[in-house]
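Structure, as structure tokens:
Just so you know, all these numbers are worked out from the coordinates, no wet-lab data involved. Quantities reported herein were computed from a predicted structural model and do not represent experimental measurements. Neighbour counts are summed over all protein chains in view; Cβ atoms, including those assigned to glycine, are modelled from backbone coordinates with ideal geometry.
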Amino acid sequence: MTPSSSSRISPIRYHRIYADAQGNSHFATDSIEQSSVKAAPPAAPFYVSGDHPATKYRFYTFEPGWIGDWHQAPTRQFLALMSGTVEMETTDGEVRHFAPGDLVLLEDTTGRGHVTRNTGSGYAMYFVVPAP
């Protein structure tokens, strides 16, 4: 892929939950840059990020009222909320609310973990990609 220009759009922002050395979980906000490239000629250039490793995907669906009490992430994974509303809480007491289109990178595979709650009246569905 060769950049077609130096055009740039706003970075893709995502939330990240990680564990510190004491096993406490925290939120951070990170971003991934994209550049306009000729990625699929003869289609017009579009914005693409760098490659990141991934080998499989899955879906998580939470019933209305579902609460995942304190738990570690089963693996480092990206979650893209497709439907519903969810909140997550870290051990430092911060709570973030998520709506469709929000991305979360779970890295708290050690320590106390986080709490996840389906706060909507319907099912909440995540598209999940484990990230080595």
Contact order normalised by residue count of the range 17-102, Cα under 8 Å, 6+ apart, percent: 24 percent
Where in the range 97-132 does the label zone of PHE59 land, with the point 7 angstrom along Cα→C-beta and an amide N cut-off under 14 Å? 123-129
1/(1 + (r/R0)^6) with r = Cβ-Cβ of ASP92 and SER121, R0 = 41 Å, i.e. FRET efficiency to nearest 0.05, evaluates to 0.90
Could you give the length gained by full extension between GLN72 and PHE46, i.e. 0.36 nm per residue of separation minus their alpha carbon distance, to one decimal place? 5.7 nm
Dipole of the range 1-83, positive direction: furthest Cα of ALA73, PRO42, PRO53, with charges on the beta-carbon: PRO42
Quarter of the Cα convex hull surface for the chain, i.e. its orientation-mean projected area (nm²): 9.2 nm²
Roughly what would the spin-label model give for ARG112 and ARG13, points 7 Å off Cα along C-beta, in nm? 2.7 nm
Taking the Cα centre of the chain as origin, sum charge times position over the Cβ atoms of Lys and Arg (+1) and Asp and Glu (-1), and report the length of that vector in debye to the nearest 20. 480 debye
Among residues other than ALA19 whose Cβ falls under 13 Å from its Cβ, what is the net charge (Lys/Arg +1, Asp/Glu -1)? -1
